[in-house]
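Asks: Please see the structure below; I have some questions.
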Amino acid sequence: MLSLTKTKKEIEYDLPPIDRAMRLAGFAFAQVTSSLAEGTAPLIPTGYVERNAGLRSAERIMVRFMYPSAEAIDLALSTCEGRSALMAKLPEYDSSVLVFGGYLRRSLAPSKSDVLIVEINDVAFEPRFKVIQYYQPHAAGGFKLLGSPTFLQDDDPLDPVREAELAARFLDGTKCDSLVEKAWAAWRG
């Protein structure tokens with residue numbers, strides 16, 4: 001496990017639960033997207049847990065889920081195990097995020113498209129949120145994010161105003177990674 005910890009030097013104000021959860025989700029999305037854009041390895045389900053999310057610091061732990069082993073990864077099993085592991089850790093932390101790949105149909109298109117799915121949990125709200133982002137894989141002519149992310153709560157679409165609010169917080173989280181901020185325009189195609 002990789003632990004990113006910053007020590008507190010002064011009193012900070014806690015972020016509201018939805019802000020901290022969406023910022024963590026954006027950060028996790030940016031980290032996974034960076035690896036995926038390189039096109040050098042398959043997307044391994046990746047989880048993040050966070051506690052003490054303040055304006056200037058947080059304790060974040062990242063875990064990659066490779067089941068049954070690193071040599072023979074079953075992505076569906078890894079996603080399921082990752083989801084269970086993060087839910088078990090949530091009482092110790094404030095927020096958790098699981099990022100994994102999948103396939104969905106775009107509108108009425110006959111074929112399936114690649115998607116990144118971000119599942120967001122927080123101790124302060126139920127039900128959980130999901131972010132779905134279509135993308136073009138590196139092998140299909142260069143990595144690109146396709147369209148805007150879609151936000152769901154309990155697998156139901158959100159109204160456009162609420163979705164715009166969450167998208168802004170999510171985007172703030174992606175900007176926490178300076179490498180992603182530089183590559184974002186290229187990924188948007």
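Asks: Rounded to the nearest percent, how much of the accessible area of region 12-142 (1.4 Å probe, protein heavy atoms only) is carbon and sulfur?
Replies: Looking at region 12-142 in its full context, I get 54 percent from C and S.
Asks: At 7 Å along Cα-to-Cβ for each site, give me the label-to-label distance between Asp74 and Lys89 in nm.
Replies: 2.2
Asks: For Lys144 paired with Ser111, estimate the spin-label separation in nm (one decimal), with each label point 7 Å from Cα along the Cα-to-Cβ line.
Replies: The answer from the label model is 1.4 nm.
Asks: If each residue of separation counts as 0.36 nm, what is the full-extension length gain between Leu104 and Ala186 once their alpha-carbon separation is subtracted?
Replies: Numbers: separation 82, 0.36 × 82 = 29.52 nm, distance 2.34 nm.
Between Leu104 and Ala186, full extension yields 27.2 nm more.
Asks: Set the Förster radius R0 to 25 Å, insert the Cβ-Cβ distance between Glu38 and Asp155 as r into 1/(1 + (r/R0)^6), and round the FRET efficiency to 0.05.
Replies: 0.20
Asks: Under 5 Å between amide H atoms, partner at least 5 residues away or on a different chain: which partners does Leu158 have, H built in plane at 1.01 Å?
Replies: Phe151, Gln153
The values are calculated or read from the model by the stated rules, or taken from the named source; none is laboratory data. Predicted model only: the values in this text are computed from it and were never measured. Please note: Cβ atoms are built from the backbone with ideal geometry, for glycine as well, and neighbour counts cover all protein chains shown. Heads up: the accessible areas ignore ligands, DNA and RNA and are worked out on the full protein's heavy atoms, side chains in. Shrake-Rupley method; radii C 1.70, N 1.55, O 1.52, S 1.80 Å.
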